[in-house]
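Structure record follows, encoded as structure tokens.
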Amino acid sequence: MEPQNLIATVPDAILDGNRFVRACLRRPVDRTPVWFLRQAGRYMQEYRDVRKHHTLVEICKQPDIAAEVTITAAEKLGVDAAIIFADLLLPLEPMGLPFEFLAGEGPVVHHPVRTAEHIRALRTDRADELGYVARAIQKVAAHFRDRLGIIGFCGAPFTLASYMIEGGGSRNYIHTKQMMYRDTLSWRLLLDKLVTVLEHYCRLQVLAGADVIQIFDSWVGSLGLEDYRDYAFEASKRLVRSVQQMGVPVIYFGVETSGLLAAMAATGADVIGLDWRQPLDESWRAVGHGHAVQGNLDPITLFAPLEVIELRVKEILRAANGRPGHIFNLGHGIVPTTPVENVQAVVKMVREFKLETDNG
Ligand code: CP3
């Protein structure tokens, strides 16, 4: 059947709103929407060309460039959503914690937060300084209008607190967990302050045209269920609910979260991001079918031969079984040496997949 004929046979209701936002809300869609974590990044020549002239933070702070990077990646891949080009750590600066990205080392916070006094001194009244992200979103929204979903994002309180306390990435989160267990009052104050700043930051993004907000709790899998419940859940839940009150769905994402999925769903997030360590149908059952899910191809599968990639892509789509509320994605971000043509091939596979014929 020609695509035009197919569209003509789909009831209007299915085409009302773009398919990415519809899937977040578990409404029926004409096909599974697809986008990729870190879809704009070093694996793409166009991005590397921009990076020759600007640092990562410079790109984030110049709305014209951030919008261009966002739009170029989404168009080159033919995906259903564009995630604004920014970084998780940007809110640290207006809170009074400067950081930089060192080549090969990732983010470095020069004066990590380790004391109650330092936490008390963190500012929560300067989130407006993040307006450059909102201006970039406005430009992306003006470009795509309703054609693509536009995703704004922020870090979750736990994951951002871990960067502030560790001073960068971490293996064992010793300083973070020490603060959590030994000075619980200060820990709670830190998360409260983060929620205040992140609410404001998300509001700027929603007012600028973000259709959906993704909250990255990338390192929450370092917590056992009891610690998640006692030290991280409440703050995440408050942020999720508050963003939903702004009128947009929320995607709540983490990795190595197999044991946390039901608790993460209890925040009330519309969509739960899944990694690849457990099959999608098992994870979705753990999340509960009252929530949408996003995932869950291993990003390193993008280095496999096309036949292997196709097998895994189809397994994921079959596990979703046509249930409304699946957004195809990776289980974590695209890594820098990934072949772009394999990412494009996955988009084609998702677009062309038919449950009836492929399942038989
Ligand atoms: O997905 C996208 O296309 C949007 C862009 C985006 C970036 N960072 C740009 C970026 C997003 C969504 C992020 C979020 C982010 N930043 C997360 C959460 C996502 C996840 O992976 O779980 C985290 C943990 C960060 C912090 C951060 N920023 C790290 C750990 C690094 C890696 C450092 C390195 O050198 O690999 C970054 C840098 C970063 N942020 C890059 C990009 C494209 C690559 C560095 C560069 O261009 O120099």
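The values are calculated or read from the model by the stated rules, or taken from the named source; none is laboratory data. In this text, all values refer to a predicted model and were calculated from it rather than measured experimentally. Reconstructed Cβ throughout: ideal geometry from the backbone, glycine too, with neighbour counts over all protein chains shown. Ligands, DNA and RNA are stripped out before the accessible areas are found, and what is left, the full protein with its side chains, is counted by its heavy atoms. Shrake-Rupley method; radii C 1.70, N 1.55, O 1.52, S 1.80 Å.
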Where Rh is the Kirkwood radius over Cα pairs, Rg/Rh for the stretch 251-307: 1.02
Per-q log10 I(q)/I(0), the stretch 239-360, q = 0.13, 0.19, 0.21 Å⁻¹ (Debye; single scatterer per alpha-carbon; no solvent): -0.53, -1.03, -1.17
Hydrodynamic radius by Kirkwood, which averages 1/r over all alpha carbon pairs of the stretch 39-175, in angstrom: 16.1 Å
Geometric extent, Cα atoms of the chain - Rg, Dmax (angstrom): 19.8, 66
Listed residue (329, 319, 339) projecting farthest to the positive dipole end of the stretch 247-339, Cβ model: 319
Tilt relative to the chain, helix 157-166 - C-alpha long axis, 0 to 90 degrees, to 10: 50 degrees
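Considering only protein heavy atoms, what per residue accessible area in square angstrom results for the chain with a 1.4 angstrom probe?
Ligands and nucleic acids excluded, the result is 44 Å² per residue.
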Residue list for the stretch 291-324, given a label point 7 angstrom along the Cα-to-Cβ vector of residue 341 and an amide N cut-off under 20 Å: 300-313
FRET efficiency, residue 258 to residue 311 (Cβ-Cβ, R0 22 Å, nearest 0.05): 0.50
Exposure of residue 115 as accessible area (Å², to 10), given a probe of 1.4 Å and all protein chains: 60 Å²
Long-range HN-HN contacts of residue 330 with modeled amide H, under 5 Å: 37, 297
C-alpha long axis of helix 233-245 to longest principal axis of the chain, angle in °: 60 degrees
Estimated FRET transfer efficiency when R0 is 35 angstrom, pair residue 30-residue 230 (beta carbons, to 0.05): 0.20
Reciprocal of mean inverse Cα separation for the stretch 127-279 (Kirkwood radius, Å): 15.9 Å
Alpha-carbon centroid distance for the pair the stretch 115-151 / the stretch 37-101, whole angstrom: 13 Å
C-alpha center-to-center spacing [the stretch 334-348, the stretch 276-309] in angstrom: 16 Å
Modelled label reach - residue 207, point 7 Å along Cα→Cβ, the stretch 99-142 residues with backbone N closer than 16 Å: 125-139
Relative contact order for the stretch 206-360, counting Cα pairs under 8 Å that sit 6 or more residues apart, in percent: 19 percent
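Taking only C-alpha pairs under 8 Å that are 6+ residues apart, what is the relative contact order of the chain in percent?
20 percent
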10 Å binning of all Cα-Cα separations within the stretch 134-178, expressed as whole percents from 0 upward: 24, 30, 18, 23, 6
Rounded to the nearest 20 debye, dipole of the chain from Cβ charges on Lys, Arg, Asp, Glu: 340 debye
Exposure rank, largest accessible area first [240, 206; 1.4 Å]: 206, 240
